[in-house]
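Asker: Handing you a structure now.
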Amino acid sequence: MNHVVSKWLMQRVAAVLLIPVLLWFLFHFDNLMNFSYLEALQFLNNRFNVAVISLIFILAFFHMRLGMSEIFEDYIQDEKIRKLANLSILGISIIIPVAAITAMIILAL
Amino acid sequence: MSSKSPLSPHLQVYKWQLSSLLSITHRMTSVFNLAGMIFLTLWILLLISGQNTFSYFEMFSSSFIGKFIFVGITWSFSYHLLNGIRHLFWDLGYGYDLKVANLSGIIVLLSSFVLTFLVWFI
């Protein structure tokens with residue numbers, strides 16, 4: 001498969017996988033943001049909850065990286081700047097999920 | 001790829017209509033969604049840093065601005081998710097008829113508010 005086509009397809013695959021997990025997350029979001037410290041710890045002491053949130057972090061940032069590169073393709077003409085933009089997004093999309101998932105694992109220990 | 005690839009026409013050249021408005025909203029909500037993920041990350045990192053530090057988050061989330069931002073992020077995720085489904089149908093080759101595309105756009109817009117309402121008030 002052509003490289004660009006496979007990137008396009010993977011972005012959509014991530015999108016489809018995100019639909020159910022994100023719906024699950026949205027219906028917990030209002031509680032989550034109003035939890036007390038202990039309630040929040042209790043929520044993250046559940047392996048299922050941690051697994052789903054980790055999955056959201058991985059899928060969402062994978063989807064975002066590919067989506068952003070489509071936008072850069074549309075609007076950044078200079079190849080060097082585009083590469084730099086893609087590289088920054090790649091960095092963000094690795095650092096944030098790794099930080100969040102590591103923190104959740106430490107909390108659960 | 002050559003360094004002089006063609007650019008997409010910039011936003012100000014378009015005549016405003018529902019389809020373009022919904023399309024730019026899709027891209028704008030992707031940025032708000034990133035903000036939402038960053039809030040979630042902060043929430044987790046503040047939890048790990050202890051009860052005292054976490055109390056700042058509790059202060060923020062109980063404030064009017066905090067609530068406004070969280071309801072806004074919920075809408076942003078709802079819109080991007082629902083309009084994303086609309087995009088997936090286009091990717092499969094369905095829904096290009098002008099009437100259908102306008103109707104699906106209106107349905108997505110209304111449903112995004114309904115979903116936000118369901119999440120926060122039910």
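The values are calculated or read from the model by the stated rules, or taken from the named source; none is laboratory data. Just so we're clear, the structure is a prediction, and the values are computed from it rather than from any experiment. Glycine gets a Cβ as well: all are built from the backbone with ideal geometry, and neighbour counts include every protein chain shown.
Asker: Taking region A:64-84 as the search range and keeping residues that are farther than 16 Å from B:Leu7 by Cα and more than 8 Å from chain B (Cβ to nearest Cβ), which one is surrounded by the fewest Cβ atoms within 10 Å (Cβ to Cβ)?
Answerer: The initial filter retains those residues of region A:64-84 that are farther than 16 Å from B:Leu7 by Cα, namely A:64-67, A:84.
From the residues that got through so far, the ones that are more than 8 Å from chain B (Cβ to nearest Cβ) too are A:65-66, A:84.
Details: A:Arg65: 19, A:Leu66: 20, A:Leu84: 13.
Out of the qualifying residues, it is A:Leu84.
Asker: Can I ask one more? Output the residue which, of all residues in region A:24-43 that are more than 7 Å from chain B (Cβ to nearest Cβ) and among the aliphatic types (A, V, I, L, M), is surrounded by the fewest Cβ atoms within 10 Å (Cβ to Cβ).
Answerer: My answer is A:Leu38.
Asker: Which condition from (1) within 11 Å of chain B (Cβ to nearest Cβ); (2) at pLDDT below 95; (3) exposed (fewer than 14 other Cβ atoms within 10 Å of the Cβ) is the one that A:Ile95 breaks?
Answerer: The single condition A:Ile95 does not satisfy is (2).
Asker: Can you report the number of residues in region A:51-81 which are closer than 19 Å to B:His10 by Cβ and aliphatic (A, V, I, L, M)?
Answerer: Residues meeting the conditions: 4.
One line per residue, one yes/no per condition, for (1) among the β-branched types (Val, Ile, Thr); (2) at the interface with chain A (Cβ under 9 Å from one of its Cβ atoms); (3) surrounded by 12 or more Cβ atoms within 10 Å (Cβ to Cβ):
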site: B:Ser5; (1), (2), (3): no, yes, yes
site: B:Pro9; (1), (2), (3): no, no, no
site: B:Lys15; (1), (2), (3): no, no, no
site: B:Trp43; (1), (2), (3): no, yes, yes
site: B:Thr53; (1), (2), (3): yes, no, yes
site: B:Glu58; (1), (2), (3): no, yes, yes
site: B:Ile65; (1), (2), (3): yes, no, no
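Asker: Among the small types (Gly, Ala, Ser), more than 8 Å from chain A (Cβ to nearest Cβ) and assigned to a loop (DSSP other than H, G, I, E, B): is that true of B:Gly95 in this structure? It would help to see each step written out before you state the result.
Answerer: Values: among the small types (Gly, Ala, Ser): yes; more than 8 Å from chain A (Cβ to nearest Cβ): yes; assigned to a loop (DSSP other than H, G, I, E, B): yes.
Taking the combined requirement at face value, the residue satisfies it.
Asker: If I ask for residues that are among the β-branched types (Val, Ile, Thr) and either closer than 16 Å to B:Thr25 by Cβ or touching an Asp or Glu at 6+ places or on another chain (Cβ under 9 Å) (or both), which ones from region B:47-98 would you list? Spell out the reasoning first.
Answerer: Here is the first cut: in region B:47-98, the ones among the β-branched types (Val, Ile, Thr) are B:48, B:53, B:65, B:69, B:71, B:73-74, B:85.
Of everything in region B:47-98, those that are among the β-branched types (Val, Ile, Thr) and either closer than 16 Å to B:Thr25 by Cβ or touching an Asp or Glu at 6+ places or on another chain (Cβ under 9 Å) (or both) turn out to be B:Val71, B:Ile73, B:Thr74, B:Ile85.
Asker: Take the conditions closer than 12 Å to A:Met33 by Cα and out of contact with any Ser or Thr (no Cβ under 8 Å at 6 or more places or on another chain) and apply them to B:Gly72. Does it pass?
Answerer: Values: closer than 12 Å to A:Met33 by Cα: no; out of contact with any Ser or Thr (no Cβ under 8 Å at 6 or more places or on another chain): yes.
So B:Gly72 fails the test.
Asker: Give me the residue from region B:1-58 that is polar (S, T, N, Q) and in a loop (DSSP other than H, G, I, E, B) and, out of that set, nearest to B:Tyr79 (Cα to Cα).
Answerer: Checked region B:1-58; the qualifying residue nearest to B:Tyr79 (Cα to Cα) is B:Gln17.
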